[in-house]
1. How much of the accessible area of the range C:2-61, probe 1.4 Å, is carbon plus sulfur, in whole percent?
2. For the range A:98-214, which whole-number percentage of the solvent-accessible area (1.4 Å probe, protein heavy atoms only) is attributable to carbon and sulfur atoms?
3. Restricting to Cα pairs below 8 Å that are 6+ residues apart, what does the relative contact order work out to for the range A:282-375? Please round to a whole percent.
4. What does the accessible area of B:ARG250 come to, in Å² to the nearest 10, when a probe of 1.4 Å is used?
5. Give me the percent of accessible area attributable to carbon and sulfur for the range B:95-249, probe 1.4 angstrom.
6. Evaluate the distance, in nm, between pseudo-label points positioned 7 Å from the Cα of A:ASN371 and of B:ARG96 along their respective Cα→Cβ axes.
7. Using label points projected 7 Å from each Cα along Cα→Cβ, tell me how many nm separate A:ASP413 and C:ARG174, to one decimal.
8. Specify the angular offset, from 0 to 90 degrees and rounded to the nearest 10, of the alpha carbon long axis of helix A:66-80 from the longest principal axis of the alpha carbons in chain A.
Amino acid sequence: MKPIKMALLLSSSIALAGQGALAQGDYSKFGIKEDLPGTCSYANIDKKDYSGKTLNIITHAIPVMGEPTALHAKQFSELTGAKVNVVHVPFGDLFQRIMIPFQTGQNAYDVMFYGSLWIGDLNPFLEPVPEFYRNSTGMKDVTPNYIGVASWGDQMVQYPVDGDRHYLKYRTDVFDNPELQAKYKEATGKDLKVPATWEEYNEVAAFFTDWDWDGDGEKNYGSAEVVKRDDLMFSAFISRVAPFAKHPDVKGGFFFDLETMEPLVNTPGWVRGLELFVEAQKTFPPGGNNFGLGDEIFSFGGGQTLMSYSWDDAYIQAMQTDSRIRDKVAAAPLPGSYEVWNRKTGKWDKFDEPNRAPYITWGWTSAVSKNSEVKDVAFDFLCFFSNEANTLHDLQIGRFGVNPYRKSHFTLDLWQGKLGWSEKSAQTYIDTLSGMDLSKNRVFDLRVPGVNQFMSALAVGVSEALAGQKTPQEALDGVAEQWRAIVDRIGKERVREAYAKVVALEDNLQ
Amino acid sequence: MYRDKYFFLLPGLVVLIAIIIFPLLFTIRVSFSSWDVFQPGLDYIGGRNFARVFEDTRFWESLLRLSVLSVSSVLLQYVIGFALALAVWREIRFRRFFRVLFLVPMMTTPVVMSVIWRTIFHESLGPANDILQAIGLGTVPWLSTGTAAFISVLIVEVWQWTPFMFLLLLAGLVSLPREPYLAAAIDGAGPIRTFLQVTFPLMAPITIGAIIIRLIEASKIMETVYVMTSGGPGTATETSSYYIYIRGLRDFQIGYSAALSLTYLVIMIVSLTIIAKVLARMLLPREG
Amino acid sequence: MRTFYLAIKYLALLLWSSFIVFPFLWALSTSFKDANAITSGATYIPWLQFKPSSQGWASLFSDGSTGINIVDPYINSAIVTISASVISIALGTLAAYGLSRFEFRAGFVKNSDITFFFISQRIMPPIVLAIPFFLMLKTLGLLDTVYGLILVYVALLLPIAVWVMIDFFGNIPRELDELAMIDGCRPIGAFFRVILPNSVPGLVVAGMFCLIFGWNDFFFAFTLTFTKVQLLPVAIVSLNSSVTPWWSLSAFALISVAPLVLIAFLVENFLSKGSLAGAIR
């Protein structure tokens, strides 16, 4: 019996029957080079028979995360005989699409792909990952950062499928260019080097703004950042604030003081970060202060700007084979600061080496619903989704948005060997990413109930400061005021209990 | 025999009430609860949500912004729509072509067209600035300064909904009686006097209806703002419905957003009634 | 003087026409671009200014994982929109006729209040109705079905039908009804035999508005379905990832407009024949 390819009933619903038609061990027709051994390898999943069962999946829009979901759903369906329905939703509406059925007790989706920062809201509705999968070969390879991101206290409720973080991306054809180095030295009296602090970042960006430094006839600019208010801007802002406000020796909270649950968002470290953010606007391309993530990717990835920082997308876009600036980019840790606000002493502490505080930004994760009637199928799907062969395949396709999150991903062989990146582009990428795993001064997202409320209040305040409607201090005072109100509404103890789990990660207690 | 009248009214009324009664009552009930992302379900917290609405300056600012936006966009649509309708009313070349063309924007999906417009207004990659530069006018910060972003949203609204006015007014013009025009011609009235004394008064009832309906629809403006500016820069383009959307579905403050919506509903009903009365007094001939 | 006036008039019409057409031309050009073509600044003419790519159009008709298949959402959208429009117009026409010909009174409620009640249904921001509608359809077992969507769309479209038809019937002389009733018809008979056949233009306009608003509604189609039923606007936003794919959205914008442009032709046809006279007043 050969697989019957049905005229698909829905854009992305996949219903395929057919098992046993596959030659033992040859799964290359699925677009992978070869099946790799592992708990949920093609061969192992092939043995399962889920015909008659239906799996409903909600995921992000195509292509980022949405395309690999649809692809592996189709494969899973062919291998096991299960019927798999997939719906794709833009990021801005993903939360409500998941939350409305949960809160009204409707069993709508078995598997969800979403932003890991929502764990504080969603955890009551998620099925913990069973031991079998926690001991799977794939899971054993996941780096501690992403095990932490997937856990709620000591329970793992999210299934890691992606690794995310913010880091600095820059153009090597500028930073390594002797002519431009000389020009920079002449104008500023300083050596041109990759910025180690946010002050330097702004300085370098300002110099390289509004003139054509790559000789393509179009003007170039210094910095592209995600600034559009409701389009993930809060993440960019946290990246900019972290080194000023996350003191390596002060424990007990970055967003709040865990003891009193007082917001720290208007303390001097945060204000300093916002001041520099406001200043940096001069170095944005035209329209840059309304850039969403997509614009940032086009701007840096398309060669318009010198530097950028956010998720991997812009870097991967720049490294596409048909890109104009392939191999002309490199990665570095986010800039830091020589001065860090110490909220315990109420003073700025000076550092000899810039303080760095890697922001382990939320990224894509997946989970199984507690209400699901096919949890075994659901977990097998996620395990299959992230099996060795599939992960290797997905990492190599930029638009999939699957980024390194396992120890085996941080090898030069993969990036330089398999993908043909230049050594510098590949080496700086691996070093930057794996370096973040070693840091003892990390910042995680505010993974508490109502995280969207906190972040949208933050984004509005920052946006008002950027637009010049308020000074940075006024704007952040306003945010702190709103945060207090939100904490009061949710209940102080409830927020504290959740926030304690985040602080435990940050303070390396886990 | 006049029992028949219920045969006409009741089916529609009953169906509408049947569909809408539960959502409406439910919304009222929810507005007195603290239903939130961390607290699903219906408790009772009295009028606390409404007290919060009154202190919520962001909501009242958004309402003010909304009134400026909807009134100015509807007026522009009315003036342009009327002018276009007059232009293609009588026999002219390519009349059918113009008439069909002028209807098209209304047929497009707002959420999709907003994405297209956003690319048009893209300050370095879009054609708007490219063309302005080509004719030597310099660039405009379309979406990144408050005033310009407001105007960009206005332009898109006018593009999308002028056809609605155009259609209503053209259909009205086509059905005007001939006699008053003959009378005016005999009086020797020029085109401007004819318009002021004949056309405009005859079109008054349809003007009122069209403006009210457009105001209702324009007040729900949401996709354009969401896609083009997401309310920014700062809060420069945040309108009430977008704000309610943020509170309701982004923040998931269900109870509070219900209170916001009901407040909004009452304000809209009151102000629309007043606007309709004022328009009627201004435009309709006094009776008796 | 007269030629000058005419020149101004044509110039204005031409200007407005280009304003209307421009986004479509831009979308047409963009639909053949790829990321490289887009990031090199604004360009307009394929081959001459950029290398055309078919990925935008291909993504709309792929059945695999790389895009969406818009055929089924197209059909779903048509089913939901047309059914809801037909129901709304049937109910709305009856109600409008009743309101324009008879007096209703219940306490302080008069005809104009009932009319306003109908129209006021459109004032409520849709956002807030999402959860109640969700719960209602859940109880009825109609979530993620076309029937559930039709039900909700009727509530959205009925007010439009009532509004258009009330104005329309207001313009049909009452003598027509009376003549029919003298012939021995009861009001119901008079309505079906005499009034309805004379109402086609009004029905066309009401139908057009219902189709437009139904076809373009995004919000309810989005919230009240899960994985089985997708409508056109929902299908297209499933391509709106963190990287906005200018190309496929452009292709989609063009293709989703197509059926409604046909309606524009139809309506214009009625206008030109003058048979729309009094359709909206």
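1. On the way: 2540 of 3320 Å².
The value for the range C:2-61 is 76 percent carbon and sulfur by accessible area.
2. Carbon and sulfur together cover 50 percent of it.
3. Relative contact order here is 15 percent.
4. For B:ARG250, solvent-accessible area is about 40 Å².
5. Values: 3070 of 4570 Å².
Within the range B:95-249, the accessible surface is 67 percent carbon and sulfur.
6. The answer from the label model is 5.4 nm.
7. Between A:ASP413 and C:ARG174, the simple spin-label model gives 9.2 nm.
8. It is inclined by approximately 20 degrees.
The values are calculated or read from the model by the stated rules, or taken from the named source; none is laboratory data. None of the values given here were measured: they were computed from a predicted structure. A quick note on method: Cβ atoms are made from the backbone with ideal geometry, for glycine too, and the neighbour counts reach across all protein chains shown. Each accessible area value is taken on the protein alone, full model and side chains, heavy atoms only, with ligands, DNA and RNA left out. Shrake-Rupley method; radii C 1.70, N 1.55, O 1.52, S 1.80 Å.
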